[in-house]
Amino acid sequence: MTDPAQLAERYMDAVRTGDLAAAAAVAAPEITFAIGGHPLPPGLATFQMRAAGLNAAFSDVEVKVERVVANGSLVAVLYRAGGVYTGTFGLGGPPLPPSGKRFSTLVQRSSR
């Protein structure tokens, strides 16, 4: 079995390079996401739809992993993501029009 921290690093490398096939290869088939506290349907199809939406909404995307911490099967990843808001994007509500502005955010994700 691969170390959970190594899997998280591989996943983030795939996200950083936009390689959805590589990210899906290390993600669990029942991968889940929540947006604004609302869970999305589990599975790789939802992952791919979400990733495609993010790729369409933002250009010049940069992802920098700040820290990976693992405790057994629980892994927490702290990363900074940024880019330019050049496409339509929505977080479960009405889509927001592109602003053309650069953004940067610090994100913490934890998974098993």
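The values are calculated or read from the model by the stated rules, or taken from the named source; none is laboratory data. If you're wondering where the values come from, they're calculated on a predicted model, not measured in any experiment. Here the Cβ is made from the backbone with ideal geometry for all residues, glycine too, and neighbour counts use every protein chain on show.
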Any pair with Cβ under 9 angstrom, 6 or more apart, that starts in the stretch 66-93 at a residue that is free of Cβ contacts under 8 Å to residues at least 60 places away in the same chain and under 21 Å from residue 2 (Cα atoms) and ends at one that is outside any strand (DSSP E or B) and not β-branched (Val, Ile, Thr) | 71/4; 76/8
Residues 10, 50: which one is on the phi < 0 side of the Ramachandran plot and out of contact with any Phe, Trp or Tyr (no Cβ under 7 Å at 6 or more places or on another chain)?
-> 10
Among the residues of the stretch 51-60, is any aromatic (Phe, Trp, Tyr) and under 12 Å from the mean Cα position of the chain (by Cα)?
-> no
Filter result (under 12 Å from the mean Cα position of the chain (by Cα) and of a type in the set (Gly, Ala, Ser)) within the stretch 61-81 | 81
Would you please name the residue that is farthest from residue 108 (Cα to Cα), looking only at residues in the stretch 1-38 that are in contact with a Lys or Arg (Cβ under 9 Å, 6 or more places away or on another chain) and assigned to a loop (DSSP other than H, G, I, E, B)?
-> 2
Is it the case that the stretch 90-106 has a residue that's exposed (fewer than 11 other Cβ atoms within 10 Å of the Cβ), at pLDDT 90 or above, in a strand (DSSP E or B) and of a type in the set (Val, Ile, Thr)?
-> yes
Does residue 41 satisfy being in a loop (DSSP other than H, G, I, E, B) and touching a Gly at 6+ places or on another chain (Cβ under 6 Å)?
-> no
Right, residue 80: basic (Lys, Arg) and loosely packed, with under 15 Cβ neighbours inside 10 Å or not?
-> yes
Set 3, 13: member being touching a strand residue (DSSP E or B) at 6+ places or on another chain (Cβ under 9 Å), under 16 Å from residue 63 (Cα atoms) and not β-branched (Val, Ile, Thr) = 13
